[in-house]
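Quick notes on the structure that follows.
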Amino acid sequence: MRTNILSAPVLLLATSPAFAAGLDVSLTIPTLKVAEYHRPYVAIWIEPEGGEAKTLAVWYDIKLKDKEGEKWLRDIRTWWRKSGRTLSFPVDGVSGATRAPGTHKISFTEGQGPLGKLAPGKYELVVEAAREVGGRELLRLPFQWPPKGGEVVKAAGSTELGAASVTLQR
């Protein structure tokens, strides 16, 4: 029996997520010189113009005894009112541990995971952070869907968040 050597690579390319539309998010959590530092709780979601928020990621202290970390999620106020209070934690594919200061990258592919399928229109990627014995900050990054590809939207925080960007993939 003869095997076509080209069929396997062609199949891999055709199903590769690199060719799917999506969002590549980069978020910097700044190093703060404060007496008592706690890693921020962070929520990342998208909002269609005039529609319901869709949670993409929530970073919180998931390892606290008796799910103690969940009770502080309501401190991410805007996200909590729009989406958080309707969720049952932990959320598979959405919940994650808090992040240390530095730049963090997370990608979402259309039709997969929390991003799901998006209708054409105007959206905002929203990032909100709240920190114990600290402050709260919210960034909004507007974008159009479907993307043309390669577009980058940037925002910069001033206290709890640093630089944030979303790169739209087509």
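Here's the list of lysines a cross-link from residue 117 could span, going by alpha-carbon distance under 27 Å and ignoring same-chain residues fewer than 8 apart: 54, 82, 105, 148, 154.
Coupling constants for region 52-64 follow from the phi torsions by the Karplus curve (6.51 cos²θ - 1.76 cosθ + 1.60, θ = phi - 60°), and in residue order they are 7, 5, 10, 6, 9, 7, 9, 9, 8, 7, 7, 9, 5 Hz; glycine and proline get x. A cut-off of 5 Å between modelled amide H atoms, ignoring neighbours fewer than 5 places along the same chain, links residue 56 with 44, 45, 46.
GNM remark for the chain: springs join alpha carbons under 10 Å apart, and the peak mean-square fluctuation among 66, 24, 75 falls on 66.
Sequence-distant contacts, meaning Cα pairs under 8 Å at least 6 residues apart, place the relative contact order of the chain at 31 percent. Evaluating 6.51 cos²θ - 1.76 cosθ + 1.60 at θ = phi - 60° for every residue in region 140-157, the Karplus couplings come out as 10, 10, x, 8, 10, 10, x, x, 7, x, x, 6, 10, 10, 10, 8, 9, x Hz, glycine and proline recorded as x. Ranked by the mean number of other Cβ atoms within 10 Å of their residues, highest first, the peptides 133-140, 43-50 fall in the order 43-50, 133-140.
Which value, in debye to the nearest 20, describes the size of the charge dipole of region 17-169 about its Cα centre when Lys and Arg Cβ atoms bear +1, Asp and Glu Cβ atoms bear -1, and nothing else is charged? Walk me through the numbers before you get to the answer.
Values: 21 positive and 18 negative charges, 22 e Å.
I would put it at about 100 debye.
With a Förster radius of 45 Å applied to the beta-carbon distance between residue 158 and residue 88, the computed FRET efficiency rounds to 0.85. One entry in (1) 1.05; (2) 1.30; (3) 1.00 is Rg/Rh (Cα atoms, Kirkwood Rh) calculated from the shown coordinates; its label is (1).
GNM, the chain, Cα, under 10 Å: largest mean-square fluctuation among 86, 98, 78? Largest GNM mean-square fluctuation: 86.
No value in this document is a laboratory result; all are computed from the given coordinates. Since the structure is predicted, the reported quantities are computational estimates derived from the model, not experimental observations. Here the Cβ is made from the backbone with ideal geometry for all residues, glycine too, and neighbour counts use every protein chain on show.
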